[in-house]
């Protein structure tokens with residue numbers, strides 16, 4: 001029997017991958033991909049008989065079928081070809097799954113390369129481990145349906161869509177050798193955050209940063225609709241991507257063998273271009289914005305799955321998004337289709353008698369930390385170094401008596417951040433939507449500028465604070481900025497985000513998702529090393545908008561934060577500048593938490609010395625004796641009234657109210673409490 005056009009060579013070459021011809025190597029790549037697809041289907045459907053050693057029966061099928069098949073084969077295809085270029089060039093590469101619901105297409109590769117079994121020994125690379133791997137997928141208390149924190153190699157869950165490029169960008173900031181291979185789903189590409197995040201290439205410096213390699217996966221369909229980018233003319237899509245500053249390489253088709261050839265060529269071209277850009281920039285010392293390559297992969301939704309069931313089209317249609325065959329445990333025709341589908345991957349060629357991937361497939365995976373499922377950047381806490389903070393006393397506001405002086409609460413924080421950036425030259429960045437100066441943090445610019453890889457104009461030299469290698473990232477997209485910061489944190493560094501109070505709501509759901517990530521790490525993935533804190537300074541608060549108005553007034557973000565677990569969330573409401581410094585000293589170094597710090601930028605009365613502020617922050621809540629009058633004898637009396645406050649303006653208004661009450665009712669005993677840590681009230 002001879003090979004027909006469109007099919008890989010029969011049989012698998014037995015030589016090491018480094019000695020193979022391209023055709024032999026692609027035959028192995030196809031076999032690896034078939035193995036990954038087989039595992040993906042098994043995860044969705046099977047609870048027994050994992051290698052079809054007996055005819056498939058209804059009792060082998062899970063009672064409840066959960067998972068997403070549609071994007072899984074395309075993602076496994078990308079992963080298979082990434083393995084090839086990693087081996088060829090010894091690349092440092094991680095994978096981010098934008099359509100993270102296609103987790104079988106990510107989990108299967110991590111099982112094949114041994115990363116999964118290394119963390120979860122009960123999912124061993126044998127028939128017993130495979131059976132558990134299948135049965136426990138999308139099963140309560142076990143393997144999640146997305147690229148969860150429990151997934152080796154994942155820093156991006158991909159449940160809430162839109163952030164894969166911004167997460168990838170943050171991951172490669174200050175990681176000059178890293179490539180973040182970011183799969184962008186074509187449904188995800190319709191979201192506002194993703195559409196904006198194509199602009200990340202205006203912030204990546206080819207000398208000091210790594211590279212994002214996007215793969216736009218056009219499989220054509222969402223849950224029950226076509227996707228926009230898959231339904232516009234080829235040239236229109238190419239012009240759109242070039243307009244964003246990318247150079248697209250198209251890989252299009254459905255026949256696996258020509259697609260392997262095209263994808264290998266595309267990956268070789270993309271990696272070659274990336275390495276050439278790096279070499280040229282680093283040799284010349286000139287950091288200009290290149291047109292980075294990207295790949296557009298147009299392949300069928302549910303690729304290699306059943307073509308149809310009855311009159312209903314499945315492959316290359318939206319019906320393959322989740323579970324193409326809905327009831328094979330009840331419908332004998334669907335059971336037959338499922339068995340044929342599984343056998344189409346020829347698992348007897350791919351796994352030995354023990355259920356272990358054959359040596360030829362194991363050799364195709366990179367080795368050790370070069371495996372994308374084991375890359376330490378995807379468990380960034382392993383690489384995290386302690387943050388070096390300056391001596392706060394240098395920037396403390398002198399306070400001789402409470403309420404005697406005024407100072408902008410955030411200006412000293414800017415001084416602290418300036419010096420922290422000097423001490424942490426490649427593992428701390430500040431992110432903000434065009435508000436660093438507005439929020440009175442402009443002292444930062446004495447140390448570093450705003451990174452800017454777009455065009456410069458002569459007038460930019462007069463106060464614009466732009467630089468090719470700045471460590472402040474400003475863009476008028478809170479989604480993109482927070483995504484960048486999260487990618488930076490998840491790969492072992494530290495970030496600080498600041499925004500106007502009213503517009504913190506723009507990233508409310510991102511805050512939720514990161515808090516859930518941290519909670520899952522704490523409860524279910526203890527193998528993940530601790531990462532730096534997610535920190536957001538909320539300024540320009542509701543109380544003093546000056547030339548802004550009602551649109552800029554909404555203090556509700558802390559309501560959202562207050563609904564979260566105190567194990568992973570902190571809410572700070574410092575009353576003055578020194579307390580804000582003490583808050584920063586604690587918040588910036590605590591790990592595995594999300595910090596919300598609310599502090600106005602305007603000038604305010606100052607109450608506490610730095611030492612008093614540190615004690616106040618340590619306790620979280622304090623009795624302010626100097627503002628109280630319930631201590632009228634040798635010991636504290638029971639107060640008639642307790643006045644409690646939190647935050648700068650509420651504290652000022654509370655103290656003013658106390659003054660009025662004491663003037664009007666001198667005998668009334670008043671106790672003043674100030675809360676700086678909101679969760680201290682839950683103790």
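Okay, residues lined up against (1) within 16 Å of residue 82 (Cα to Cα); (2) assigned to a helix (DSSP H, G or I); (3) touching a helix residue (DSSP H, G or I) at 6+ places or on another chain (Cβ under 6 Å); (4) in contact (Cβ under 8 Å) with a residue 24 or more places away in the chain:
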| residue | (1), (2), (3), (4) |
| --- | --- |
| 242 | no, yes, no, yes |
| 249 | yes, no, yes, yes |
| 259 | yes, yes, no, yes |
| 265 | yes, yes, no, no |
| 269 | yes, yes, no, yes |
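Quick grid of which residues meet (1) over 28 Å from residue 514 (Cβ atoms); (2) modelled with pLDDT under 95; (3) in contact with a helix residue (DSSP H, G or I) (Cβ under 8 Å, 6 or more places away or on another chain):
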{"residue": "409", "(1), (2), (3)": "no, no, yes"}
{"residue": "412", "(1), (2), (3)": "no, no, yes"}
{"residue": "423", "(1), (2), (3)": "no, no, no"}
{"residue": "434", "(1), (2), (3)": "no, yes, no"}
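Scan region 57-65 and tell me whether some residue there is over 21 Å from residue 302 (Cα atoms), crowded, with 18+ Cβ neighbours inside 10 Å and assigned by TED's automatic domain parsing to the domain that holds residue 165. Yes. Mind checking which pairs have a first residue in region 476-499 that is in the same structural domain as residue 94 (by TED's automatic domain parsing) and a second that is modelled with pLDDT of 95 or more and crowded, with 24+ Cβ neighbours inside 10 Å, Cβ under 7 Å, 6 or more apart or different chains? From region 476-499, no pairs qualify. Checking each residue in region 640-659 for being more than 38 Å from the chain's Cα centre (by Cα) and surrounded by 18 or more Cβ atoms within 10 Å (Cβ to Cβ) picks out 643, 652, 654, 655, 658. Checked against (1) at pLDDT below 95; (2) over 30 Å from residue 220 (Cα atoms); (3) in contact with a helix residue (DSSP H, G or I) (Cβ under 8 Å, 6 or more places away or on another chain); (4) assigned to a loop (DSSP other than H, G, I, E, B), residue 51 passes all but condition (1). Evaluated against (1) touching a residue at least 40 places away in the same chain (Cβ under 8 Å); (2) crowded, with 20+ Cβ neighbours inside 10 Å, residue 123 falls short on exactly one condition, (1). A residue that is over 30 Å from residue 379 (Cβ atoms) and under 38 Å from the mean Cα position of the chain (by Cα) can be found somewhere in region 622-637.
Report, ordered by the first and then the second residue, all pairs with beta carbons closer than 8 Å, sequence separation of six or more or different chains, a first member in region 552-567 that is over 19 Å from residue 600 (Cβ atoms), and a second member that is loosely packed, with under 15 Cβ neighbours inside 10 Å and modelled with pLDDT under 90. Once the first residue is over 19 Å from residue 600 (Cβ atoms) and sits in region 552-567, its partners that are loosely packed, with under 15 Cβ neighbours inside 10 Å and modelled with pLDDT under 90 give 566/682. Determine if region 471-479 includes at least one residue that is modelled with pLDDT under 95, surrounded by 22 or more Cβ atoms within 10 Å (Cβ to Cβ) and touching a strand residue (DSSP E or B) at 6+ places or on another chain (Cβ under 8 Å). So far as region 471-479 goes, no, none of its residues is modelled with pLDDT under 95, surrounded by 22 or more Cβ atoms within 10 Å (Cβ to Cβ) and touching a strand residue (DSSP E or B) at 6+ places or on another chain (Cβ under 8 Å).
Looking only at residues in region 499-527 that are in contact with a helix residue (DSSP H, G or I) (Cβ under 9 Å, 6 or more places away or on another chain) and more than 20 Å from residue 160 (Cβ to Cβ), which one is surrounded by the most Cβ atoms within 10 Å (Cβ to Cβ)? Ranking the candidates gives 501 first.
Of all residues in region 524-554, those that are at pLDDT 95 or above and in a helix (DSSP H, G or I) total 1. May I ask you to say which residue of 575, 555 is farther than 30 Å from residue 140 by Cα, surrounded by fewer than 17 Cβ atoms within 10 Å (Cβ to Cβ) and touching a strand residue (DSSP E or B) at 6+ places or on another chain (Cβ under 9 Å)? Sole residue among the options that is farther than 30 Å from residue 140 by Cα, surrounded by fewer than 17 Cβ atoms within 10 Å (Cβ to Cβ) and touching a strand residue (DSSP E or B) at 6+ places or on another chain (Cβ under 9 Å): 555. Flag not set for residue 379, criterion: under 24 Å from the mean Cα position of the chain (by Cα), over 20 Å from residue 429 (Cα atoms) and crowded, with 18+ Cβ neighbours inside 10 Å.
The values are calculated or read from the model by the stated rules, or taken from the named source; none is laboratory data. All values derive from a computational prediction rather than experimental measurement. Don't worry about glycine lacking a Cβ; one is built from the backbone with ideal geometry, like all the others, and counts go over all protein chains shown.
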